[in-house]
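> Following this message is one structure expressed as C-alpha cells.
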Amino acid sequence: MRVNNQEPTPNRDKSPTHALQKSHESSRYMRTCLGWALVQALMCAVCVSGFSLSDLISDLVPLKITTGSTAQNFEGWGTSLAWFAEYIGCLEDSLQERVADLLFDAEAGLGLQIVRYNIGGSNTTLNATNSMRPFAAVPSMLLANGAYNWTLDSKQAGVMLAAQDRGALIFEAFSNSPPWFMTISGDPSGNVNGASDNLAPAYYDAFVDYLTGVVQYYWEEMNISFRTVEPFNEPSSTEWQLGNIQEGCHYNPLTQNIILKKLAASLDAKGLSLETGISASDEDEYGTSIATFLQYGAALSVIDQIGTHAYQETLETAVSIPLDLLASHAGKRLWMTEYADGSLNVSDIRTGLALSTQILGDLKNGGVQAWIYWQAVENIYGPGGLWGFLQMPFGDYGPRDVPWPNIPIQISKQYYAMMQYSKFIKNGWTILKTDSDVWTLAAMYQDKDSNTEIAVVTTNTQSSSTNTNWQFDSMSSQYIVEVYRTSATENCTQLTDVVLPTNGVLQYTLPSKSITTFHFTIEAQAAVVTAG
C-alpha cells in the first residue's frame, strides 16, 4: 500500500480524452442535421443558461447500452486481509460474525467474493510486534529453526474461512516480505537502503518453498484453494526501508525473474500447479506495472495473472501501451489488487464519490477483470484512519488470546459507494461498453435459463442535478427497474421503481453528488431487438 494524502477531486468537467472526442463527433453530427444557424443559437442559449455544450449533447444523443456490445469479463470485488484480519480475530465471536457479514455476506453486506491472504514474515517477539503499526506484524508461520507453527496466524485464517462460508469464491495468497530471518537486514520492514533487495540470495529457494508450503497446507488441511500466489508487493518501491511501520521488500527486476521461475518450479514439485498459478507484480501504479511487465523475460511464461495497484490520481497517465492490452496480448488476466483512499471524513459523500470515480476509471479505462480494496477495516485512531469501508479502534485492549467485547464499528460512505457496485455486479458478469459516458458503468449476466440481469451504476459528482438519457435494447414488454442511491443523506437506499418502456429509453434525474444503481432482469422469452 502507499499512503496518498492528496484530496480526490472528481469532476465531471474533466472528462477523459475519448469522451471529449465523442463530444466533438456529436457536434459535427448536429451541424449536419440542424445547420450552422441553429447550432449557434443553441450555443448562445447554453451560454445564457449556464449549461455546458457536452451536457446539451448528452440530452440529445442517448447513451446506447446494449447486451451485444461487451467489454471484459468480470471476476468480482474483494479485499486484502492485511492487516485487519489479525485484529478482527481478537474480538469476541459475535463481533467477528458481524464484521464478516458486513463484508462478505451477499444479503447483509457487500458480498465481496475475492480474498487476498497475507503470508506473513514477522517475528512474534513483543519488540518486533511493537515496532510496526498495530497488527501489521503478520507472523511468519515458518520459524528460524525450520519448523512450522500453523497456529500463529489462526486469526487471519479464521476471517478467511468466514469469508468462504459466506460465499467468497477466489482466494489469492501474497507476501509483503520474506520471513525476517531470510532478509539482509534481519527485519521484514525493509533494507537499510530502500532501493536495495532485502531477500538474501542464499534464501531464494527457502522463500519460495515457504510460499508454496503455505499454499499446500491450506489446500490439504483447510480446504482453501489459492488460485494464485503473489511473491511481491510493490517490489520497485524504494519506501521499504528498515524501521518502516509495515512489512515490505524491494526486488529488482532481475531478482523478480529469478524468484518467479523458482516459484513455478516449487509449485510443480509439490503438485500444486494445476490448482495454483502465479500473479505478479503488484506495483503501486499502472505505469510502474507496465515498466516491470516489459522487463520480464522468460519469467513471463510462468505468470498467469498481472496484478497492479492503482495509487494514482487518474488513469489518464502518459503511458505508451495500456496495461490491459499488454496483459491480453500475453494471455494473462488483469486484476486491480489494491487501492484505498482516506483524504476526507468517513461520513463525507465526497469520499464515496472518489471511490466510485476510481472504480469507473479502473474498469472502463484500465480494463481490469477484478477490483480489490486494500483493507476493508481500518484503525480509526491510527495511520490511514480515514481509509477503509469500516473503521474500528485497533488499540491494545488486552491479551490477544482473550476475546475483546463491545468494540464499536463505524460504517463509512465508501462502504455504501462500494455496495452500489458489489451488491449487483458480481463474479461471472460481463462489463458492457459505455465509452461515451465516463461516469456510467453497465454490466450484464445471463443465467442458465437465458434470463439476463442488467445493472447500471452512474455517478454525479456535480453540485447540481443531471439527467440520464439511455437507450437500452428494445423489448416486447415493459420492465420494472429497481433504483438504489447513495448520497449525503442516503446509504444505498432503495427508491421507487421506474418503468423501462418497450422502446428501451430511460431518462432519470440524478441528484447532485450521488451514486445511483439501476437493476432489472430481462426474461428469456422476451423478444429483444439490439439497439442499432
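The values are calculated or read from the model by the stated rules, or taken from the named source; none is laboratory data. Given the structure is predicted, the values throughout are model-derived calculations rather than measurements. Here the Cβ is made from the backbone with ideal geometry for all residues, glycine too, and neighbour counts use every protein chain on show. Quick note on the areas: whole protein, heavy atoms, side chains included, nothing else; ligands and nucleic acids left out. Shrake-Rupley method; radii C 1.70, N 1.55, O 1.52, S 1.80 Å.
> Sort L360, L242 from largest to smallest accessible area, using a 1.4 Å probe on the heavy atoms of the protein chains.
Correct descending sequence by accessible area is L242, L360.
> Could I ask something else about it? P(r) for the range 399-471, please, calculated from all Cα pair distances in 10 Å bins and given in %.
Whole-percent P(r) values from 0 Å outward: 14, 33, 25, 13, 11, 3.
> Please list K261, K426, K364 in order of solvent-accessible area, largest first, computed with a 1.4 Å probe with all protein chains present.
K261, K426, K364
> Also, I was wondering about something else. By DSSP, what percent of the beta bridges with both residues in the range 93-249 are antiparallel, rounded to the nearest 5?
15 percent
> Once you sort the root eigenvalues of the Cα gyration tensor of the range 106-202 as a ≥ b ≥ c, which label holds: rounded (a/c under 1.5), prolate (a/b larger than b/c) or oblate (the other case)?
prolate
> How big is the range 357-509 by Rg and Dmax over its Cα atoms, in Å?
19.3, 64
> Right, next: Tell me the label-point distance for the pair T238, K270, using the 7 Å Cα-to-Cβ offset, in nm and rounded to one decimal.
If labels sit at T238 and K270, their model points lie 3.5 nm apart.
> Please identify which residues in the range 400-433 have an amide N closer than 16 Å to a label point set 7 Å out from the Cα of N73, following the Cα→Cβ vector.
In the range 400-433, the label zone of N73 (backbone N under 16 Å from the point 7 Å along Cα→Cβ) covers 426-432.
> Using a 10 Å cut-off on Cβ atoms, rank the peptides 155-164, 118-127 from the highest mean neighbour count down.
So the order, starting with the most tightly packed, is 155-164, 118-127.
> Can you give me the long-range amide H partners of T70? Hydrogens built in the peptide plane at 1.01 Å from N, cutoff under 5 Å, separation of 5 or more residues or another chain.
Residues meeting the criterion, in which the H sits 1.01 Å from N, are K433.
> Find the all-direction average of the projected area of the Cα convex hull for the range 279-374, expressing the result in square nanometres with one decimal place.
Dividing the Cα hull surface by four gives the mean projection, 5.9 nm².
> Projected area of the range 118-272, taken from the Cα convex hull and averaged over every viewing direction, in nm²?
If you wrap the Cα atoms of the range 118-272 in a convex hull and average its projections, you get 8.8 nm².
> How do 368-380, 214-226 rank on mean C-beta neighbours within 10 Å, highest first?
Those peptides, ordered most packed to least, come out 368-380, 214-226.
> With every protein chain left in place and a probe of 1.4 Å, what is the accessible surface of T489, to the nearest 10 Å²?
120 Å²
> Still on this structure, please answer the following. Using a/c under 1.5 as the rounded threshold, could you call the range 355-435 rounded, prolate or oblate? The axes a ≥ b ≥ c are square roots of the C-alpha gyration tensor eigenvalues, and prolate needs a/b larger than b/c, oblate otherwise.
Cα axes put the range 355-435 in the prolate bin.
> Ordered by residue, what ³J(HN,Hα) values in Hz, to whole numbers, does the range 251-256 give under the Karplus form 6.51 cos²θ - 1.76 cosθ + 1.60, where θ = phi - 60° and Gly and Pro are x?
Whole-Hz 3J(HN,Hα) from phi for the range 251-256: 9, 6, x, 4, 5, 4.
> Moving on to the next point. Between N149 and S328, take the C-beta separation as r, use R0 = 35 Å, and let me know the FRET efficiency to the nearest 0.05.
Taking R0 as 35 Å, the efficiency between N149 and S328 is 0.25.
> How do K262, K64 stack up against each other in accessible area, from largest to smallest, with a 1.4 angstrom probe?
K64, K262
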